[in-house]
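Novice: Mind having a look at this structure? Questions to follow.
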Amino acid sequence: MTILSLSFLLNGFGTLHEYYISITNIDYNPMSQTIEISQQYIAHDVEKAILRKHNVNLHLAEPNEHPQADSILEVYFRDNFELSIDSTIQLNWIGREVKLDESLFIYLQSEKMGQPDKLTVKNTSLTEVFPAQSNITHVKIGDQQHTKSINRITNTHTFTAQ
């Protein structure tokens, strides 16, 4: 009976502690004079969000992948991720890749611009599906690295050089 109770406790404990995390890296590249963004998500979490929002199953990296997967992903991330200084910065879709561990990487890049002294990031990705989603954001401004967890409650943060 004790082993059975321990089994229920451990299994129940695992379901109580589900974590939903993404990692976004934002760097200004002085050579190209652009802001480069890479975002890492769990592919099936993104698929679930898109299924719920657009009623489309992407089947990323599967033989039956949706033929418009890239454009659907681009629309989703344009709707949920934004950079601004005084106004919104136009971001270009560079692409995506799915790794064997089901990590989905999204790549975006700004047009040419000067190095910003401040940068406002808004990221609501996956927060409509996973209330506990934490979008960990690393921003490099000048020689300084800044990190902030952006989530459902605090979905926008301004990073400044000091």
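The values are calculated or read from the model by the stated rules, or taken from the named source; none is laboratory data. Just so it is clear, the structure is predicted and the values come from calculations on it, not from any experiment. We place every Cβ from the backbone using ideal geometry, glycine too, and count neighbours over all the protein chains shown.
Novice: Limited to segment 21-77, what total is found for residues that are free of Cβ contacts under 8 Å to residues at least 12 places away in the same chain and of a type in the set (S, T, Y)?
Specialist: Looking only at that region, the number is 1.
Novice: One residue is enough: does segment 140-159 have a residue meeting the conditions closer than 28 Å to P30 by Cα, touching an Asp or Glu at 6+ places or on another chain (Cβ under 9 Å) and surrounded by 16 or more Cβ atoms within 10 Å (Cβ to Cβ)? Steps first, answer last, please.
Specialist: Keep residues of segment 140-159 that are closer than 28 Å to P30 by Cα, which gives 140-150, 155-159.
Now restrict to residues that are touching an Asp or Glu at 6+ places or on another chain (Cβ under 9 Å): 140-142, 156.
Subset that is surrounded by 16 or more Cβ atoms within 10 Å (Cβ to Cβ): 140-141.
Yes - at least one qualifying residue is present in segment 140-159.
Novice: When only residues in segment 11-60 that are among the aromatic types (F, W, Y) and under 18 Å from K148 (Cβ atoms) count, which is modelled with the lowest pLDDT?
Specialist: Applying the first criterion (among the aromatic types (F, W, Y)) to segment 11-60 yields 13, 19-20, 28, 41.
Right, trim to under 18 Å from K148 (Cβ atoms) and you get 19-20, 28, 41.
On the way: Y19: 78, Y20: 90, Y28: 95, Y41: 97.
Result: Y19.
Novice: Now for a different question. Which of the residues spanning segment 119-133 are over 13 Å from the mean Cα position of the chain (by Cα) and part of a strand (DSSP E or B)?
Specialist: Answer for segment 119-133, where residues must be over 13 Å from the mean Cα position of the chain (by Cα) and part of a strand (DSSP E or B): L119, T120.
Novice: Failed condition for S71, given (1) in a helix (DSSP H, G or I); (2) small (G, A, S); (3) buried (at least 16 other Cβ atoms within 10 Å of the Cβ), with all others met?
Specialist: With respect to (1) in a helix (DSSP H, G or I); (2) small (G, A, S); (3) buried (at least 16 other Cβ atoms within 10 Å of the Cβ), S71 is out only on (3).
Novice: Would segment 134-151 turn up any residue that is outside any strand (DSSP E or B) and at pLDDT 95 or above?
Specialist: So in segment 134-151, the residues outside any strand (DSSP E or B) come out as 142-143.
After this cut, where a residue has to be at pLDDT 95 or above as well, the list is none.
Within segment 134-151 (the criterion being outside any strand (DSSP E or B) and at pLDDT 95 or above), the answer is no, since none of the residues qualifies.
Novice: Being over 17 Å from the mean Cα position of the chain (by Cα) and assigned to a strand (DSSP E or B) is the filter; apply it to segment 74-118 and report the residue that is nearest to F159 (Cα to Cα).
Specialist: K118
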